[in-house]
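The values are calculated or read from the model by the stated rules, or taken from the named source; none is laboratory data. What you are looking at is a predicted structure, and each value in this text was computed from that prediction instead of being measured. Neighbour counts are summed over all protein chains in view; Cβ atoms, including those assigned to glycine, are modelled from backbone coordinates with ideal geometry. These area figures cover heavy atoms from the full protein model, side chains too; ligands, DNA and RNA do not enter into them. Shrake-Rupley method; radii C 1.70, N 1.55, O 1.52, S 1.80 Å.
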Amino acid sequence: MTLRRNIISKLLLMLCIGLIFNLSPCHAQWDTAGLRLHHFKVGPAATSAALMATGTLFTYNPTANNFAVNLRDKVVSGNNPHLHFDDYVQFIPVSAPLVLNLCGVKGKHTFGQLMMLEGGSYLLGGGWLNAFKYWLAVERPDGSRLNSFPSGHTFTAFTGAEILRREYGEEYPWIAVAGYAVAVTVAAMRIYNNRHWLGDVCAGAGLGILSVTLTYWALD
């Protein structure tokens, strides 16, 4: 099990680093087999790869992992009350684009298109999320289960925040900022509640952004 986890983590790290170095210099418009792939945005893809690589380092690199453990120890104390609001606010960025659209605050897509884009993003990213949780089997900081990496709450929040940014960021930048503020709060609360390590929330955030990027590229 340990050997398998080490191999998978190294392959994941190599993949993320490769994405960063190969995507960053490229422009977001290619011609491949007669298809114009101009909707694929390199910036979010590189950001997500960097976050996932950072999360992998904090989980498997001894020096970086010690930093994550020390951070957890400083944030979590025996007197910390367990706050459950992150279980609910994780869904605010997810539902906000649909609610805004129905209320007449139009983004770039119709309600039906948004349903497809959100559904595709969560199906794609959720599959990867559960696969990583099962194969890597990282223990949660509270010792409750072996499914800590990546953080599902953080994935959910950042997926919704990235969709908000894409739909409303140009015309209503404050909506995008609010969405990401909620997502960062959810990530911080997962550490505060002793449910996830720093590497877990970094990887969850990166996975959320990547799933949205690929879904918009494929369906938009």
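Got a sec? Which helices (runs of 4 or more DSSP H) wholly within segment 1-110 have at least 3 residues that are among the aliphatic types (A, V, I, L, M) and at pLDDT 90 or above?
On the way: elements: 2-23, 42-60, 62-75, 86-89, 92-102.
Of the helices (runs of 4 or more DSSP H) lying wholly inside segment 1-110, those with at least 3 residues that are among the aliphatic types (A, V, I, L, M) and at pLDDT 90 or above span 42-60, 62-75, 92-102.
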Filtered residue count, segment 111-136, keeping only those that are surrounded by fewer than 14 Cβ atoms within 10 Å (Cβ to Cβ) and either aliphatic (A, V, I, L, M) or part of a loop (DSSP other than H, G, I, E, B) (or both)
2
Residues to consider are Ser144, Ser95; find the one that is among the hydroxyl-bearing types (Ser, Thr, Tyr), under 19 Å from the mean Cα position of the chain (by Cα) and either open to solvent by 10 Å² or more (accessible area, probe 1.4 Å) or closer than 26 Å to Thr54 by Cβ (or both).
Ser95
Of these, Glu170, Glu139, which one is part of a loop (DSSP other than H, G, I, E, B) and either among the β-branched types (Val, Ile, Thr) or closer than 21 Å to Thr215 by Cβ (or both)?
Glu170
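Tell me the residue from Pro150, Pro173 that is touching a helix residue (DSSP H, G or I) at 6+ places or on another chain (Cβ under 6 Å) and not aromatic (Phe, Trp, Tyr), please. Give the steps one after another, and end with the answer.
On the way: Pro173 fails: touching a helix residue (DSSP H, G or I) at 6+ places or on another chain (Cβ under 6 Å).
Result of the check over Pro150, Pro173: Pro150.
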